[in-house]
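The values are calculated or read from the model by the stated rules, or taken from the named source; none is laboratory data. Predicted, not measured: the structure shown is a model, and the values here were computed from it. Heads up, the Cβs are rebuilt from the backbone with ideal geometry, glycines too, and the neighbour counts pull from every protein chain shown.
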């Protein structure tokens, strides 16, 4: 005879009560002094499934409710009434810790695979399918937003702008997209410092602070080729979609729909910061090196500029790997680019190639 609470029909008022099985498979509910509160056929009663320690609920046809905290007593009452217990299989699963552990492992593994493999693949497909008009609109809005904040009108001398534009056109002619696929704009970098970044529609922004650090034409040509590669592979759009899809995936796996509202606020910042992944940066470096070689230049000049920027940003010291987000370590990038001078890629030594390339592996670095 389970003890519990009886809620009167369509009311929040309740009294302590107990339930029992009467003859004829009828559910009988009485209060503590034996007053009959309800008596109904068992077949007309709806009973909630057993789930961990949640309160069991008996819904009566007239709107009354009997609640019981003792699941075992509630199950005994159901047997006496000849009613089938609901949720038994689920309850057994929840009490089986190996099953719980396996379910957790499968959930985490599936989630990790979704984030690491599925989201980047979907983002790449979306980036490739994005209409040029959409990419142009995103780029214009981003540049407009930056012009009201981090960027200022350029102060670079007309002669320097003309020289940079000429070098830019030369590189564009050797890049995948061709001369008409890119355009160069100049801005005073302000808080962005010496920098260059690409927008999805082929607009490449170079800040004034970068120009004084250039010591030969091949250095800035390498920068232009690197940013053009980001445009060719739609890296900016891929990062936008990845950052948008991840909150969506998080909402799916956790049920937190508030993540969706964050999508619309992150797009311009991601494009402007060019916070590309290591894979994207390596791809852009490789493409830039190939472009420079087609032009008769040396990718090692890009390495010189990277190291110079590294010292400029970190007060003459080597910056830690995280100084520009998730970019590869500057030492690794410089060593890889210098290896490109002789057509080598990365597996030049056995063991830890990053450390060995940084230490004059096979005499390719200088």
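Below, the figures for the structure above:
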| quantity | calculated |
| --- | --- |
| Count of residues meeting criterion [at negative phi and outside any helix (DSSP H, G or I)] in the stretch 197-231 | 13 |
| Out of 167, 156, sole residue that is assigned to a loop (DSSP other than H, G, I, E, B), within 18 Å of residue 206 (Cα to Cα), in the same structural domain as residue 241 (by TED's automatic domain parsing) and touching a helix residue (DSSP H, G or I) at 6+ places or on another chain (Cβ under 8 Å) | 156 |
| Residue list for the stretch 46-72, filter: under 19 Å from residue 15 (Cα atoms) and more than 44 Å from the chain's Cα centre (by Cα) | 58, 59, 60, 61, 62, 63, 64, 65, 66, 67, 68, 70 |
| Qualifying residues in the stretch 9-24 (those that are closer than 14 Å to residue 40 by Cβ and in a loop (DSSP other than H, G, I, E, B)) - the one modelled with the highest pLDDT | 9 |
